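Notes follow the structure.
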Number of protein chains: 2
Amino acid sequence: MPDADFNLSEFLPYLLNQAADRQSMAFSPAYRARYGMLRTEWRVLFHLGQYGEMTAKRICEMAQLHKTKASRAVAALEAKRFLRRREVAEDRRHALLRLTPAGRAAYAHLYDAARAFDMEVQTRLTVEDARVLKRCLIKLAASEDAGGP
Amino acid sequence: MPDADFNLSEFLPYLLNQAADRQSMAFSPAYRARYGMLRTEWRVLFHLGQYGEMTAKRICEMAQLHKTKASRAVAALEAKRFLRRREVAEDRRHALLRLTPAGRAAYAHLYDAARAFDMEVQTRLTVEDARVLKRCLIKLAASEDAGGP
DNA sequence: ACTTGTTAGTTACATTTTCAACTAATATGC
DNA sequence: GCATATTAGTTGAAAATGTAACTAACAAGT
């Protein structure tokens, strides 16, 4: 019989997934219906829009994305003419990615949608709770992959 | 240029996914390595372990799971001899699912693993923050599918 | 009884993700 | 300079997921 102090319905990985799925599903029409983007594509777009030109590798690190996922998202965004690759002369293995004007326009539009969405969500939480929530999520998203000695 | 008060790296769906992925990846070896279970299978197992015999439909509602996902998870758990179906005489469309002794053993083991994991995670948050976090996640997981009139 | 509708669950097919192997460019040890 | 290792990124096959159409059992109206 389960302890009074630990109920699986409050198990953090479970709750996190429930909440993440729910919120992602609620937001996905913004990039999906209008631009035919996948979630990974939207993430790549938003990293480039937010932080400017960078390599796929860097995006993978920042977004905790596997390189094959990133590679395919970049290819898809390139096919949609939302970004271009610029080869770097010194090291031709990696390419710098940057948004095209169309990509920046989509980014600007999605940025507004995201802000509106975020504000809407926060009306359902108190200001203080929202602050705590974000702080916790940042901590949990970053935690322990430090690895070896 | 982005507002000072809204940075996409704090966009809730994004943060939730990052945190959920991270925590799920950290816990998944518990059911994956030892029992070859998928996340959905673990969820179904845990609902049956926690709440006892119920139909697939009920699990879908509780876990916010799509019926095809549940159907496949049930089939997989049945193949692993972790659960059995019991047809209901009055309405033979639905079957009650219940864990076998092997299923209950796996559940007991994973329950302990989950509790240990949860406690470990919570050492990284204050008691009060953990409480707020769970409250917010429950709210965000439940929100708005009420739909039409 | 008998068409029509609904519900629980399955199956088939397309899309997406993951895993592992691969290419190409650069760096390192000798 | 040449073998070896590492790094950035791509590709193909296998696994998993989502979508839609399907079956089987029941319900309801006529």
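Residues that are more than 10 Å from DNA strand C (Cβ to nearest atom) and either farther than 20 Å from B:Ala73 by Cβ or within 15 Å of the chain's Cα centre (by Cα) (or both) within region B:87-116 comprise B:Ala89, B:Glu90, B:Tyr107, B:Leu110, B:Tyr111, B:Asp112, B:Ala113, B:Ala114, B:Arg115, B:Ala116, listed in sequence order.
Within region A:10-51, if we keep just the residues that are small (Gly, Ala, Ser) and out of contact with any helix residue (DSSP H, G or I) (no Cβ under 7 Å at 6 or more places or on another chain), the residue that is nearest to A:Lys69 (Cα to Cα) turns out to be A:Gly36.
Just one of (1) buried (at least 17 other Cβ atoms within 10 Å of the Cβ); (2) away from DNA strand D (no atom under 16 Å from the Cβ) trips up B:Val74, so point out which. Only one criterion is unmet by B:Val74, namely (2). Among all residues of region A:61-71, there is at least one that is assigned to a helix (DSSP H, G or I), out of contact with any Cys (no Cβ under 9 Å at 6 or more places or on another chain), more than 11 Å from DNA strand D (Cβ to nearest atom) and within 14 Å of chain B (Cβ to nearest Cβ). Between A:Ala113, A:Ala56, the distinction of being among the aliphatic types (A, V, I, L, M), touching a residue at least 24 places away in the same chain (Cβ under 8 Å) and surrounded by fewer than 16 Cβ atoms within 10 Å (Cβ to Cβ) belongs to A:Ala113 only. Taking A:Glu87, is it farther than 22 Å from A:Ala19 by Cβ, free of Cβ contacts under 8 Å to residues at least 12 places away in the same chain and open to solvent by 80 Å² or more (accessible area, probe 1.4 Å)? Criteria met by A:Glu87. Annotation: B:Gln23 fulfils all but one of (1) in contact (Cβ under 8 Å) with a residue 40 or more places away in the chain; (2) polar (S, T, N, Q); (3) within 13 Å of DNA strand D (Cβ to nearest atom); the unmet one is (3).
Can you confirm whether A:Ala141 is open to solvent by less than 90 Å² (accessible area, probe 1.4 Å), in a helix (DSSP H, G or I), within 12 Å of chain B (Cβ to nearest Cβ) and within 16 Å of DNA strand C (Cβ to nearest atom)?
yes
Residues that are touching a residue at least 24 places away in the same chain (Cβ under 8 Å) and open to solvent by 80 Å² or more (accessible area, probe 1.4 Å) do occur in region B:35-53. Tell me, yes or no, whether region A:93-106 has at least one residue that is hydrophobic (A, V, I, L, M, F, W, C), in a helix (DSSP H, G or I) and in contact with a helix residue (DSSP H, G or I) (Cβ under 7 Å, 6 or more places away or on another chain). Scanning region A:93-106, I find at least one residue that is hydrophobic (A, V, I, L, M, F, W, C), in a helix (DSSP H, G or I) and in contact with a helix residue (DSSP H, G or I) (Cβ under 7 Å, 6 or more places away or on another chain), so the answer is yes. Of the residues making up region A:7-28, one or more are surrounded by 20 or more Cβ atoms within 10 Å (Cβ to Cβ), at the interface with chain B (Cβ under 10 Å from one of its Cβ atoms) and hydroxyl-bearing (Ser, Thr, Tyr). Annotation: of all residues in region A:90-110 being in contact with a Ser or Thr (Cβ under 9 Å, 6 or more places away or on another chain) and open to solvent by less than 30 Å² (accessible area, probe 1.4 Å), the one that is nearest to DNA strand D (Cβ to nearest atom) is A:Ala95.
Would you check if B:Ala141 is in contact (Cβ under 8 Å) with a residue 40 or more places away in the chain and either under 30 Å from A:Arg135 (Cβ atoms) or among the basic types (Lys, Arg) (or both)?
Working: in contact (Cβ under 8 Å) with a residue 40 or more places away in the chain: yes; either under 30 Å from A:Arg135 (Cβ atoms) or among the basic types (Lys, Arg) (or both): yes.
When the stated conditions are applied, B:Ala141 passes them.
Taken over region B:91-138, the residue count meeting the criterion of being within 11 Å of chain A (Cβ to nearest Cβ), among the β-branched types (Val, Ile, Thr) and in contact with a strand residue (DSSP E or B) (Cβ under 9 Å, 6 or more places away or on another chain) is 0. Within region B:1-41, if we keep just the residues that are outside any helix (DSSP H, G or I) and hydrophobic (A, V, I, L, M, F, W, C), the residue that is nearest to the chain's Cα centre (by Cα) turns out to be B:Leu38.
The values are calculated or read from the model by the stated rules, or taken from the named source; none is laboratory data. Quantities reported herein were computed from a predicted structural model and do not represent experimental measurements. Cβ atoms come from the backbone with ideal geometry, glycine included; neighbour counts cover every protein chain shown. Side chains included, ligands, DNA and RNA excluded: accessible areas come from the protein's heavy atoms. Shrake-Rupley method; radii C 1.70, N 1.55, O 1.52, S 1.80 Å.
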